[in-house]
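Report on the following structure.
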Ligand SMILES: Cc1cc2nc3c(=O)[nH]c(=O)nc-3n(C[C@H](O)[C@H](O)[C@H](O)COP(=O)(O)OP(=O)(O)OC[C@H]3O[C@@H](n4cnc5c(N)ncnc54)[C@H](O)[C@@H]3O)c2cc1C
């Protein structure tokens, strides 16, 4: 095996390349990334960047020397448009072909489109990449933009709400479900968080179905709910989830089902093609079902698993999924997967701004969530790993 090509240049891709070298792979590694920049961190895009006084620069995941030091070829602005599995080649925009022995797909995800009338109006934003974040930051920093409507109370929606609230905007969040972050955290945690955000002035409208984005002279002016109510807005942010960038795999007839299906070694239905990070759907050990997890921890772990397997080395220790979020000064952290639980236990905490919840399925603890207890996550992760 001489040549490994990695498509996509995010945290999963860089971690895989680094882990391949650490595991002793001496052949050629090529990373092909479509964005015109060094790979950068996504978490600040919806947090500190939005409130920063100056237009921030992307925060690189690794220094530029990383590629030279690890003998990794990195091509930016290089979109892969097709896979030829028979010839073992990827095709780049413009027609150039790159040969691989092993291919790793680390293409991430993109915002789920809302498909509503008015979604192309000025000052309607999605948030996935640096340009999105910079454009939203500029809109939020304009004093004439007073009212911000956020569609979707997932993690990204709440983080934008938090930033806009800190900037003194009138923020309203509209969510189709009965509570926030319902795919990733229990109601006790999410209700605690949204109640605190509401005390800071963020307005939440749950069980709300937005069916139109209103505009005047092509500029957003508000939203309309399915009951006919309209709400004014100068800026609208759509945060209704993400869809995996799985088209390359799909078009090459790899097994896909809401993500590129991979086994526990991150290997797809083609033994020479792996998929990792936000684009991959792997069987999770905690739930025993294939799921797609969109977190930094998951992207890094899957990258390390794939690299170890490719190099014939033992898999790294599997730690439970985890993520964090910063919301109105609260540090929210979750370990495990908050699904399939039948009991939630609130644990004692020393101050009233902190919370710790343990989620159980029968007698088995399957997840834990904390607010404002930053040192607890590692311990809770260890506790869950032992079960
Ligand atoms: C705004 C925001 C905030 C977040 N905050 C947190 C957080 O606080 N904590 C947390 O755990 N997680 C957070 N996440 C999630 C986390 O960033 C992702 O799970 C992680 O970035 C996934 O890494 P990845 O490498 O799989 O995909 P990505 O980071 O999406 O990288 C994939 C790359 O592949 C490129 N690509 C796609 N198709 C092609 C192609 N055909 N050819 C070439 N290149 C291609 C894409 O342009 C992209 O650069 C956040 C995500 C966002 C968007």
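What follows is calculated from the coordinates using simple rules that are stated; it is not laboratory data. All values derive from a computational prediction rather than experimental measurement. Positions of Cβ are generated from backbone atoms using ideal geometry, with glycine treated the same way; all protein chains shown enter the neighbour counts.
Taking packing as the residue-averaged number of other Cβ atoms within 10 angstrom, the listed peptides 368-377, 213-222 run from highest to lowest as 368-377, 213-222. Over the chain, DSSP H runs of length four or greater, each weighted -39,500 (n - 2.57), average out per residue to a 222 nm ellipticity of -6500 deg cm²/dmol.
Put in line by how crowded their Cβ is, counting other Cβ atoms within 10 Å and starting with the fewest, 352, 200 read 352, 200.
Compared with the dominant Cα axis of the chain, that is its longest principal axis, helix 296-310 is turned about 10°. The length gained on full extension between residue 144 and residue 347, counted as 0.36 nm times the residue separation minus their Cα-Cα distance, comes to 68.6 nm. Pairs of Cα atoms nearer than 8 Å and 6+ residues apart set the relative contact order; for the range 113-240 it is 36 percent.
The mean sequence separation of alpha-carbon pairs under 8 Å and at least six residues apart, normalised by the residue count of the chain, gives a relative contact order of 16 percent. Spin-label pair residue 188-residue 132: with each label point 7 Å from Cα along the Cα-Cβ axis, the two points sit 3.3 nm from one another. Every Cα-Cα pair of the range 276-352 was included, and the share exceeding 14 Å stands at 70 percent.
Average projection, convex hull of the Cα set of the chain: 20.2 square nanometres.
Residue order for 334, 209, fewest other beta carbons within 10 angstrom first, comes to 209, 334.
The Cα atoms of the range 113-240 define a convex hull whose projected area, averaged across directions, is 7.3 nm². Over the range 181-276, Cα pairs under 8 Å with separation of 6+ residues give a relative contact order of 11 percent. Within the chain, antiparallel bridges make up roughly 60 percent of the DSSP beta bridges whose residues both belong there.
The residues 256, 279, 182, when put in order of fewest to most other Cβ atoms within 10 Å, stand as 182, 256, 279. Shown is the FRET efficiency for residue 81 and residue 112, computed with R0 = 30 Å from the Cβ-Cβ distance and rounded to the nearest 0.05: 0.85. Compared with the dominant Cα axis of the chain, that is its longest principal axis, helix 155-166 is turned about 50°.
Expressed in nm to one decimal, what extension gain is obtained for the pair residue 205 and residue 289 from 0.36 nm per residue of sequence separation less their Cα-Cα distance?
Here the answer is 27.0 nm.
Normalised size of the range 322-386, defined as Cα radius of gyration per 2.2 N^0.38 Å with N residues, equals 1.06.
Contour minus end-to-end for residue 63 and residue 230, with contour as 0.36 nm per residue of separation and end-to-end as the Cα-Cα distance?
Values: separation 167, 0.36 × 167 = 60.12 nm, distance 4.77 nm.
Length gained, residue 63 through residue 230: 55.4 nm.
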